[in-house]
Structure formats: C-alpha cells, structure tokens
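The values are calculated or read from the model by the stated rules, or taken from the named source; none is laboratory data. For clarity, every value in this text was computed on a predicted model and none was experimentally measured. Backbone-built Cβ (ideal geometry, glycine too); neighbour counts: all protein chains shown.
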Amino acid sequence: MAVRALIFDVDGTLAETEELHRIAFNRAFAEAGMSWKWDRELYAELLKVTGGRERIEAYAKRIGAEGVDAPSLHRRKTELYNELMVPGTVELRPGIEDLLRRARQINLDLAIATTTSRSNVAGLMRATLGEEALGWFRSIRTGEDTKRKKPDPEVFQLVLDDLGYRPEECLIFEDSENGLRAAQAVAVPVVITPSIYTGEDDFSGADYVFKNLDEPFSILKFTPEFVFHGLSSDVRDLLFHG
Ligand code: XBP
Ligand code: MG
C-alpha cells in the first residue's frame, strides 16, 4: 500500500530541543525561588515521564515535595522556552528540512504528533524554517489536544483521524521508546532516529532505525527484504536517497 503521509514527533525528532526544555525548566524553578536544578543525568531519567507538567509532578512526588504548583511552573517554563527559542539556538536535525521539502514535492501529506504544546511547535518553526512552515503540516496535534500523553497513542490517533488515512498508509518518525510504543499501538510503521537523550532506549519492533535522516549508510538495522517491504519507490528514494 502506498505511503501517503509522514507523521513527525517534534522533541528529539525534528530537533534536539530537550536541552532547551531542561534549561527553561531550571530557569522557571530558580525564578520561583526553588532549589531544584535538573542536571543532564537526572533529566535523562525524568524524560521517561512525557509532558513537562507531568514531569514536574512526578519529580515532586519522587522527592516528597509538597505544595508544588506544577501548572503555573510549567506555564512559565513554556514562556521561557519560547523566549530562548530564537534563530540559531536550535537547528533542525540533519536531513529533516530536506526530507520535508522532498516529501512535499512528491505530494505526501505531512503531520505533527507531539507531547509538547502548540506554541512550542510554532516557536521551533519560527526559529528554523520560518513560521509559514506550520502551513506545510495538514494536521498538527499536541499535548494540549489529548488527555493522555505518549506512550498512550491518543495523539497519533487524532492525527490519523484528521488525515483520514489507514495506519499502513503513514510513516511515523520518532526518537524515543515512549513514542515508538505509542506509534505501535496505532499500527503505523515507525522510523526511529535516536536523539541525545534516547540512545539507550529499547527500540525493539521499530521498522527502521537511522542515526540521522541524512545518513542512509548509518542504518543500524538493515535487512533488505524487511526494509524495502511495502514501500513504494518514491518513498524508498525519500528515505534511502535512491
Ligand atoms: C517530549 C516531551 C515533552 C518535552 C517538554 O516528548 O516529553 O514533555 O520534554 O515539553 P515527545 P512540554 O517528543 O515524545 O513528544 O514541557 O511542553 O511538555
Ligand atoms: Mg520525542
């Protein structure tokens, strides 16, 4: 069956944004007069909980902190994140811009399914491709549209409903195990590009694992009959550069 849409996760997949998220969390904590400081090692553990508000709540519970106003801390963190998100702070990951442009040329639909907020998606686009690139995506669904975050598949289901395509007509691009499990739950094939915080994740069951999308020879998992199975030649060219 022909692939008709590419569905992208944002954080870690379109760009390595998690360091900016981490800095924004820490600034929000400092502004609120709190002593919390999430270093990289701790943040890697905390990322297992998706969603910034949920992450704050989980951490408060873990250390037994009471009276933590997670929604307001998270709101401020989102403002700080968007202040930090200016051109030059974060770049799209290698191969992403090229993939998006080539997909548009062959009339594939593009979509976004993310845990983060819409304003953060817009901020990333503004700082990289330009805000008009938001219009490249036929469906953009975020953590604000869902009750449950990844690994729950709700956000992917919303995108599939928006697009009106069957799971096997789409490809999902993800960087994390949580994202992979969510994608598997809606039975959409998954392309994984591990990111700085997810290199140790368990990607068993992923259809493709690439180091980056511009490096066709860095395919970590490559069994030819498996890799090419079911992909039309235009989508194959898109992913494997011919
Ligand atoms: C990303 C997340 C997000 C970001 C922070 O998950 O878990 O919570 O870390 O963003 P995924 P918010 O890439 O799987 O969608 O603070 O806006 O939630
Ligand atoms: Mg991600």
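Of note:
- The residues listed here are Ala103, Ala111, Ala133; of these, the one that is under 30 Å from Gly164 (Cβ atoms) and touching a Lys or Arg at 6+ places or on another chain (Cβ under 7 Å) is Ala111.
To keep it simple, each residue is scored yes or no on (1) charged (D, E, K, R); (2) surrounded by fewer than 22 Cβ atoms within 10 Å (Cβ to Cβ); (3) more than 12 Å from ligand 1 (Cβ to nearest atom).
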site	(1), (2), (3)
Glu131	yes, yes, yes
Gly135	no, yes, yes
Thr142	no, yes, no
Asp145	yes, yes, yes
Asp152	yes, yes, no
Asp161	yes, yes, yes
Gly164	no, yes, yes
Phe173	no, no, no
Val186	no, yes, yes
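- Flag if Thr116 is in contact with a Pro (Cβ under 9 Å, 6 or more places away or on another chain), closer than 23 Å to Ile192 by Cα and modelled with pLDDT of 95 or more: no
- Selection status of Thr50, crowded, with 17+ Cβ neighbours inside 10 Å, in contact with a Pro (Cβ under 9 Å, 6 or more places away or on another chain) and of a type outside the set (D, E, K, R): yes
- Those strands (runs of 3 or more DSSP E) lying entirely in region 112-198 with at least 2 residues more than 16 Å from ligand 2 (Cβ to nearest atom): 137-141
- Residue check for Arg62: free of Cβ contacts under 8 Å to residues at least 60 places away in the same chain and surrounded by 13 or more Cβ atoms within 10 Å (Cβ to Cβ): no
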